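Let me begin by presenting the structure, written as structure tokens, before commenting on it.
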Amino acid sequence: MRVAILGTGYVGLTTGVCLAYLGHSVVCVDPVVEKIDSLRHGSIPIFEPGLEELLREASQRMGFTTNPAEAIPEAEVVVICVGTPVQADGTPDLSQLRSASESLGRHMGLHFTVVVNKSTVPIGSSNWVEALVCAAFEESHDEKAEARFAVASNPEFLREGSAVADSLYPDRIVLGTEDLRALEILCALYRPLIDQDFPAPAFCPRPPGVTAIPFVSTDLPSAELIKYAANAFLALKISFINEIGLLAQRVGADVGEIARGIGLDSRIGRQFLQAGLGWGGSCFAKDTSTLITTAAEYGLSLPIVGAAREVNQRLRARVLERLLDELKILKGKRIGLLGLAFKPNTDDLRDAPAIDIAKRLSLHGALVVAHDPVAMPRFQREQAGLPVALLDSPEGVFQRADAVVLVTEWQTYLDLTWEALQPVMRNPLLVDGRNVLDKQRLVAAGYRHVGIP
Ligand code: NAD
């Protein structure tokens, strides 16, 4: 099947490469010239494990362009994967969605085209996309757009850092459309995924037990709301354990033990019960915010989702509170941060706790030094104004430090020879922002270990 992908970010690029790997003919469009240049040379502009290898295997069926006219007219399916960042008032910025929809309408061919919305968009946006595509098509083609295309919502659930595996072996595929023809075409597009009959790439094997993927076919607003409800639920699971963690810290209980004790209950489940610095990244803050503003448009408040956000906000101040408790004065103190990306295995810094922590520490006059295995070049570009000294090695972060904060639980930090690093610190205070380090071992090595919350 011929597919055009609009947007080559984490979602668009992964979707495009996976669809090409499954045998479809894919052209990815993005207005950013540097991204397209780098992709044409086989190099991916983001850090996503396995994606470059998969691109190598699928490259014969892939094209990259900045020109929509080279991708959209021939496509039977056009997938919109543009960004929908949140604005200061909590509502999403839909300007990329508007420009992609208008460009789609202008360039759409005369055959039947399925327009798939994979971007996370407020409820009702698919109707808006339909109207924009329709108007742009009719303006540029001088023909009626009626019955020439149909819009479907196909929310994306991949996680950065494991995007390839999440796309090849998803927990479910959700499709919302009122058009039977579109549903049939999209079933055919995803058939190899649904049936799991494609050969798994050697570097990303099929997990044991994965045989067929559940397929949820529903109406447009339900598909759109499924995405928001899923992210809100995951966000509140994390905030719930952190709220319990705040109390646990006061009463001398161990939040890790509590998470294990409740997570073994199959009705609760173990995932997303890791207490620590809370959630960051491009999705949870933006999607919970949009959910709340959407509900408000209908005269509803969502107190549970609001509380999840409030607890997460409180955690952002927690590292500073813990450091002030321990060090009393931060002015002139050297504080080392291990990790900048919002989670391991990605270079994404959107809403990363490290940025918040660095800002708060700088405001208190601390000297902040940091390391990240992959996100430092991006940090330099995107956070140029923040006074953070970036170091080449994690070991350097410990040199003469008054405290070290583990912000992102990269495996390389878990593997450090912690015993050898304690003596190089001025004050061996360690804040384990993710509660993943072996406290007993660190205390035995002479550290003062403090968890979050
Ligand atoms: P991103 O910002 O990394 O990528 C968006 C891309 O779209 C950029 O490369 C941008 O240049 C391009 N673009 C902008 N206007 C365009 C246009 N008119 N035509 C073609 N390309 C255009 O965003 P992302 O993280 O990939 O997220 C995309 C969407 O998917 C968002 O709505 C997000 O909420 C949702 N989502 C993201 C994730 C994730 O983990 N990142 C997971 C699930 C869903």
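Some notes on this structure:
- Remark: segment 110-126, residue by residue, has Karplus-estimated 3J(HN,Hα) of 8, 7, 5, 10, 9, 9, 10, 9, 9, 4, 7, 10, x, 4, x, 5, 4 Hz, where x stands for each Gly or Pro and the curve is 6.51 cos²θ - 1.76 cosθ + 1.60 at θ = phi - 60°.
- Carbon + sulfur, % of accessible area of the chain - ligands and nucleic acids excluded, 1.4 Å: 54
- Normalised contact order of segment 228-308, rounded percent, pairs of Cα under 8 Å and 6 or more residues apart: 39
- For segment 330-389, the relative contact order comes to 42 percent (Cα pairs under 8 Å, sequence separation of at least 6).
- For the chain, the share of DSSP beta bridges that are antiparallel, to the nearest 5, is 5%.
- Charged-residue dipole, Cβ positions (Lys, Arg, Asp, Glu), the chain about Cα centre, Debye nearest 20: 1740
- 3J(HN,Hα) along segment 9-17, derived from phi through the Karplus expression 6.51 cos²θ - 1.76 cosθ + 1.60 where θ = phi - 60°, amounts to x, 4, 7, x, 5, 4, 4, x, 5 Hz, with x in place of Gly and Pro.
- Here segment 219-233 is scanned for amide nitrogen atoms under 11 Å from the site 7 Å beyond the Cα of LEU300 along Cα-to-Cβ, giving 225, 229.
- Distance between the modelled labels on ARG191 and LEU324, one decimal in nanometres: 6.3 nm (7 Å Cα→Cβ projection).
- Computed with a 1.4 Å probe over protein heavy atoms only, the accessible surface of the chain comes to 44 Å² per residue.
- Loop-located trypsin sites (Lys or Arg not before Pro) in segment 226-270, at most 14 other Cβ atoms within 10 Å (DSSP): ARG267, ARG270
- Within the chain, helix-based [θ] at 222 nm, where runs of 4 or more DSSP H residues each add -39,500 (n - 2.57), nearest 500: -13000 deg cm²/dmol
- Gain in span if fully extended, GLU178 to ALA253, counting 0.36 nm per residue against the direct Cα distance: 21.8 nm
- The chain - Debye-derived log10 I(q)/I(0), Cα point model, q = 0.13 Å⁻¹: -1.21
- Segment 134-146 - phi-based ³J(HN,Hα) in whole Hz, Karplus 6.51/-1.76/1.60, Gly and Pro as x: 4, 4, 5, 5, 5, 5, 8, 9, 6, 9, 6, 8, 3
- Note on segment 228-308: Rg/Rh from C-alpha atoms, Kirkwood Rh, equals 1.03.
- Peptides 88-99, 302-313 ordered by average Cβ neighbours within 10 Å, highest first: 302-313, 88-99
- To the nearest ten degrees, helix 284-297 and the longest principal axis of the Cα atoms of the chain are 60 degrees apart.
- Pairs exceeding 29 Å between alpha-carbon atoms, taken from LYS237/LYS333; LYS328/LYS439; LYS118/LYS343; LYS35/LYS144; LYS227/LYS343: LYS237/LYS333; LYS35/LYS144.
The values are calculated or read from the model by the stated rules, or taken from the named source; none is laboratory data. Keep in mind that what you see is a predicted model, and the values were worked out from it rather than measured. Cβ coordinates were reconstructed from backbone atoms using ideal geometry, including for glycine residues, and neighbour counts include every protein chain displayed. Ligands, DNA and RNA are excluded from the accessible area calculation, which covers all protein heavy atoms including side chains. Shrake-Rupley method; radii C 1.70, N 1.55, O 1.52, S 1.80 Å.
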